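*Asks:* Mind having a look at this structure? Questions to follow.
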Amino acid sequence: MKDNRGTVLMREEIRRQAYALNADACGFAEVGRFADSPEGFSPLDIYADCKTVIVVGMAIPKGLTKINPRLVYSHYNDLSSHLMDEMLFRLAWALERQYSGCLAVPVPCDSPYEYWDKEKWEGRGLMSMKHAAVRAGLGSLGKSTLLINREFGNMLNIGVVLINEALPSDSLAEPLCIEGCTRCVDSCPTGAIQNGSVVQKLCREYSYGQKTARGYDTTMCNRCRTVCPLAFGVRK
């Protein structure tokens with residue numbers, strides 16, 4: 001059994017390993033922080049022996065906010081998910097080999113997407129990555145419900161590895177969303193951002209419910225991300 005110093009050292013070594021695998025952010029949350037997760041979407045619903053949730057972030061190129069999203073935005077969303085999943089797999093692989101008795105479960109950052117309410121267009125992955133990031137101290141949710149990180153703003157793709165080792169949580173981040181700012185709410189073309197949540201049907205029908213002339217899916221909107229004054233983090 002590791003003492004507190006041992007668990008802190010292990011946590012920091014794992015953080016270094018995540019950065020070595022090209023993570024831009026890494027945080028830790030004891031599984032108890034997820035006690036209020038919706039039924040069926042807790043880390044424990046995925047891996048019953050989970051004791052710690054490791055949350056990693058990979059920054060999205062800022063330039064993607066400066067172009068029409070239908071051009072390459074959806075393509076690179078898919079690519080960033082693949083890169084994130086590969087990083088999670090490599091991190092889990094390394095942890096099991098370095099720490100005797102450690103079992104690690106890399107959770108896909110986007111799919112499988114099994115829960116779907118057809119009428120409301122509401123979906124859920126295996127667990128909420130952005131809420132995991134909040135619980136691991138990587139940021140807070142803005143009015144748009146996007147994660148806002150102090151250094152990378154809302155430009156982080158998030159992934160998770162579950163482990164059966166009990167490690168100390170990182171401190172929670174202070175809220176960053178600017179009081180009185182309503183740019184994301186005001187700029188939404190469908191009025192989907194309402195009372196701190198997003199009406200997914202309004203958002204998805206406009207942003208993701210359209211196709212190119214050849215029938216391929218396309219992304220038509222990312223305004224809530226691009227108009228945010230904290231899109232690229234807190235300016236120093």
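The values are calculated or read from the model by the stated rules, or taken from the named source; none is laboratory data. Remember, predicted model here, so these are calculated numbers, not experimental data. Note that each Cβ is placed from the backbone with ideal geometry, even for glycine, and that neighbours are counted across all protein chains shown. Remember, those area values only see protein heavy atoms, side chains included, never the ligands or the DNA or RNA. Shrake-Rupley method; radii C 1.70, N 1.55, O 1.52, S 1.80 Å.
*Asks:* Relative to the longest principal Cα axis of the chain, at what angle does helix 4-20 sit, 0 to 90 degrees, rounded to 10?
*Replies:* Relative to the chain, helix 4-20 is tipped by roughly 50 degrees.
*Asks:* Do me a favour and compute the ellipsoid semi-axes for the stretch 1-64 from its Cα gyration tensor, root of five times each eigenvalue, largest one first, whole Å.
*Replies:* 24, 20, 8
*Asks:* Still on this model: Any cysteines in the chain with zero other Cys Cβ atoms under 4.7 Å from their Cβ? List them, or say none.
*Replies:* Flagged as lacking a Cys partner: C26, C50, C102, C109, C177, C181, C188, C203, C221, C228.
*Asks:* Using a Förster radius of 35 Å, what is the FRET efficiency between H75 and L172 based on their Cβ-Cβ separation? Nearest 0.05, please.
*Replies:* Between H75 and L172 the formula returns 0.55.
*Asks:* In whole Hz and in residue order, list the ³J(HN,Hα) couplings for the stretch 210-225 that follow from phi through the Karplus curve 6.51 cos²θ - 1.76 cosθ + 1.60, θ = phi - 60°; x for Gly and Pro.
*Replies:* 10, 9, 6, 4, 8, x, 7, 5, 9, 10, 9, 8, 8, 4, 4, 6
*Asks:* Tell me, what ³J(HN,Hα) does each residue in the stretch 76-86 have, in order and in whole Hz, if you take phi through Karplus 6.51 cos²θ - 1.76 cosθ + 1.60 with θ = phi - 60° and put x for Gly and Pro?
*Replies:* 7, 4, 5, 5, 5, 5, 5, 5, 5, 4, 5
*Asks:* While we're here: Using only the heavy atoms of the protein chains and a 1.4 Å probe, how would R183, R204 rank by accessible area, largest first?
*Replies:* From most accessible down to least: R183, R204.
*Asks:* Kindly give the semi-axes, whole Å and largest first, of the ellipsoid equivalent to the chain, taking each as the square root of 5 times a Cα gyration tensor eigenvalue.
*Replies:* 31, 19, 17
*Asks:* Rounded to whole Å and sorted largest first, what semi-axes of the equivalent ellipsoid does the C-alpha gyration tensor of the stretch 96-160 yield via the square root of 5 times each eigenvalue?
*Replies:* So the three semi-axes of the stretch 96-160 are 25, 20, 8 Å.
*Asks:* A further question on this structure: Ignoring ligands, DNA and RNA, what percent of the 1.4 Å accessible area of the chain is carbon and sulfur?
*Replies:* So the carbon and sulfur contribution to the accessible surface is 52 percent.
*Asks:* Over the Cα atoms of the stretch 56-169, what Rg and Dmax result, in angstrom?
*Replies:* Looking at the stretch 56-169, its Cα Rg and Dmax stand at 15.6, 49 Å.
*Asks:* Ok, one more. Placing +1 at every Lys and Arg Cβ and -1 at every Asp and Glu Cβ, with all other atoms neutral, what dipole size does the chain have around its Cα centre, in debye to the nearest 20?
*Replies:* Dipole magnitude for the chain comes out near 860 debye.
*Asks:* Here is a follow-up. Between Y19 and Q210, what is 0.36 nm times their sequence separation minus the Cα-Cα distance? Round to one decimal in nm.
*Replies:* My answer for the length gained is 65.1 nm.
*Asks:* Also, quick follow-up: Skip the ligands, DNA and RNA, and give the accessible area per residue of the chain with a 1.4 Å probe, whole Å².
*Replies:* 56 Å²
*Asks:* Would you pull out the residues with amide H under 5 Å of I60's amide H, same chain only if 5 or more places away, H placed 1.01 Å from N?
*Replies:* L156, N157
*Asks:* Ranked highest first by the average count of other Cβ atoms within 10 Å around their residues, in what order do 152-164, 24-36 fall?
*Replies:* Packing proxy ranking, top to bottom: 152-164, 24-36.
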